[in-house]
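Participant: Questions regarding the structure given below will be posed in turn.
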Amino acid sequence: MSNLKNVQPLEDFNWEEFENGATVGTSKEELTKAYDETLNKVADHQVVDGKVISVDKKEVVVNIGYKSDGIIPASEFRYNPELKAGDVVEVYVENQEDKKGQLVLSHKKARLSKSWDRVNAALNNDEIIQGFVKCRTKGGMIVDVFGIEAFLPGSQIDVHPIRDYDVFVGKTMEFKVVKINQEFRNVVVSHKALIEAELEAQKKEIIGKLEKGQILEGTVKNITTYGVFVDLGGVDGLIHITDLSWGRVSDPHEVVELDQKINVVILDFDDEKKRIALGLKQLTPHPWDALDTDLKVGDHVKGKVVVMADYGAFVEIAPGVEGLIHVSEMSWSQHLRSAQDFMHVGDEVEAVILTLDRDERKMSLGIKQLKEDPWEAIEVKYPVGSKHTAKVRNFTNFGIFVELEEGVDGLIHISDLSWTKKVKHPSEFTQQGAEIDVVVLEIDKENRRLSLGHKQLEPNPWDTYETLYTPGSIHTGKITEAMDKGAVITLNEGGEGFATPKHLVKEDGTQAQAGEELPFMVIEFVKDTKRIILSHSRTFEDVKDEPKAAAKKKTVKKEAAPAIQNVAASTTLGDLDVLAKLKADMEGEK
């Protein structure tokens, strides 16, 4: 208060002029003019530099040295998210004063006015520029570069394939201008080009240090049906599907997923190290090395069928440990079939270990061993003389193969099909798949084969024929088959005989024909070969020529020896009548 006492008011101060807005000795117009002279001279549609006063989410306030500050929408600075107060920016004067008296500026138009020159300069100088990713478009993205809408191809976003373009929308990124179409003013930019140079240097460094057996960390870049591509930091390597896991892999997606970071081991590479073979399973111990040391031949194991082939099935008893069940070890049957008849991929099976080689990492298995071998006690179930019903499997010229049960086969020889019927081929007697009654004749355990008979189920009629068809006896028969060398005669008492043409001459001199029923004399009966030689002419010649036969006994006797030799040397049925006559003459002489 004491200081204020010394302050004296101005005696000549003009309060009226002060209240009217004038200063001492200076008019208001003069002051306004002096103030205007201190401001920048700006004109509409002019590009000038301005200083950023403040920045918020909606707008940016810029001072260009004019009497008022200009306001620019913040969206025009999206390409430069690091904009801050104090930065100098180019602005375009839209209007010095709008209806509200506001200075209207535009940063976007200022950029556009010089953007084409800048873009061309960036291409020529290999300059790195910033741009704002506006939106997606077909094949890539639209990027705001200096206010120009440039195209960013999808292949130029990154060195890795892009699966989701949307994550880049709204981001500010660095680019290089890679192509400009001057005529259409189209601009193509690339982000990938920025990192390729860096990656190339990094790639050379990695390749220079590569060694077989080296373990590296990589990122799963791509998954195919045959394997997985892994990015080792600018260098790609391939894990083949067989090197993903010790177990069988049908789809690599079962083991890895995209963008997953994994450790891999380098297995091999070419001289230029452009192709790098990687392994994943090699980083874990081989399953065979961890296999139970007590496991041995004869043990039962369970597993899952992982692969099928005609010759057998591969069963995985532990991840990476497989055994082969050969088709011959699937059934005791000796008829080899396709393995698919017994099992399929995915089946859970139990098997017996037949062989085990830990050094070679091989194992053979069997499932038929879970059942008793039917041949172990074949004599008990199928003793000689026992009767059974079998199933016809197939024919041969010499007999019929039948199956009594799975694994037990037998052969019925063609001669054991019938006592009396002459079977030319077994297919005449029965058919495949049919059932047939058999009796066991012989057991061949070593070759796992039974000799079977069908005719033995009935008594041998030749035992009866032996007493009935004695030489010289006469029986009635019907000619059932005629041929050049003679005829087959079916006898009324049963059985068949044979007569040569000479013995088919009837009393009137004519030849007997098929279908005729006549009396026949038994000339010869051989049980072992089941042969009956008959004669019709002898039935009437013997009575008429009996005196002549007695007169010629001595002559016949002398010729007997060579005649017998001739007959013995001949096998034709046509000469059997000579043998019959000689035999009769010799008996008469005695």
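The values are calculated or read from the model by the stated rules, or taken from the named source; none is laboratory data. These numbers were taken from a predicted model, which means no experiment stands behind them. Backbone-built Cβ (ideal geometry, glycine too); neighbour counts: all protein chains shown. The accessibility values were calculated without ligands, DNA or RNA, using every heavy atom of the protein model including side chains. Shrake-Rupley method; radii C 1.70, N 1.55, O 1.52, S 1.80 Å.
Participant: Given the C-alpha centroids of the range 285-330 and the range 458-496, what is the distance between them in whole angstrom?
Facilitator: 65
Participant: Then there is this: Once you sort the root eigenvalues of the Cα gyration tensor of the range 289-333 as a ≥ b ≥ c, which label holds: rounded (a/c under 1.5), prolate (a/b larger than b/c) or oblate (the other case)?
Facilitator: Oblate, because a/c is 1.5 or more while a/b does not exceed b/c.
Participant: So, taking all protein chains as they sit and a 1.4 Å probe, how much accessible area belongs to residue 344, in Å² rounded to tens?
Facilitator: 110
Participant: Let me ask something else. Please compute the modelled spin-label separation between residue 456 and residue 418, points set 7 Å along Cα→Cβ, answer in nm with one decimal.
Facilitator: Simple spin-label model gives 2.0 nm for this pair.
Participant: Okay, next question. Probe of 1.4 angstrom, ligands and nucleic acids ignored: what's the accessible area per residue over the range 227-341, in square angstrom?
Facilitator: 52
Participant: Something else now. Enumerate the residues in the range 273-294 having an amide nitrogen under 17 Å from the point lying 7 Å beyond the Cα of residue 212 toward its Cβ.
Facilitator: Counting only backbone N, you get 273-280, 282-283.
Participant: Taking the alpha-carbon centroid of each part, what is the distance from the range 361-405 to the range 51-82 in angstrom?
Facilitator: The range 361-405 and the range 51-82 have Cα centres spaced 99 Å from each other.
Participant: Between residue 481 and residue 292, what is 0.36 nm times their sequence separation minus the Cα-Cα distance? Round to one decimal in nm.
Facilitator: Full extension of this stretch gives 60.5 nm more.
Participant: Cβ neighbours within 10 Å, averaged per peptide: list 324-333, 346-355 in order, most packed at the top. Intermediate results must be reported in sequence, preceding the final value.
Facilitator: Values: 324-333: 18.9, 346-355: 15.5.
Going from most to least packed, we get 324-333, 346-355.
Participant: Test of understanding: what is the full-extension gain from residue 463 to residue 516, defined as 0.36 nm times their sequence separation minus their Cα-Cα distance?
Facilitator: Length gained between residue 463 and residue 516: 16.3 nm.
Participant: Sorted by accessible area (1.4 Å probe), largest first, how do 464, 430 line up?
Facilitator: Solvent-accessible surface, decreasing: 464, 430.
Participant: Could you list, in their original order, any pairs among 422/502; 296/387; 57/176; 261/302; 381/527 whose Cα atoms are separated by more than 31 Å?
Facilitator: Beyond 31 Å: 296/387; 261/302; 381/527.
Participant: Tell me the accessible surface of residue 184 in square angstrom (1.4 angstrom probe, heavy atoms of protein chains only), to the nearest ten.
Facilitator: Looks like 130 Å² after rounding.
Participant: Using per-residue counts of other Cβ atoms within 10 Å, averaged over each peptide, order 132-145, 414-427 from highest down. It would help to have the intermediate numbers written out before the result.
Facilitator: Working: 132-145: 17.6, 414-427: 14.9.
Ranked from most to least packed, the peptides come out as 132-145, 414-427.
Participant: Something else: Using a Förster distance of 51 Å, how high is the FRET efficiency between residue 387 and residue 508, based on the Cβ-Cβ distance and rounded to 0.05?
Facilitator: 0.45
Participant: If I take R0 = 45 Å and measure r between the Cβ atoms of residue 275 and residue 138 in this structure, what FRET efficiency does the formula 1/(1 + (r/R0)^6) give, to the nearest 0.05?
Facilitator: Numbers: r = 34 Å, r/R0 = 0.76.
The value I calculate is 0.85.
Participant: Contour minus end-to-end for residue 362 and residue 431, with contour as 0.36 nm per residue of separation and end-to-end as the Cα-Cα distance?
Facilitator: 20.4 nm
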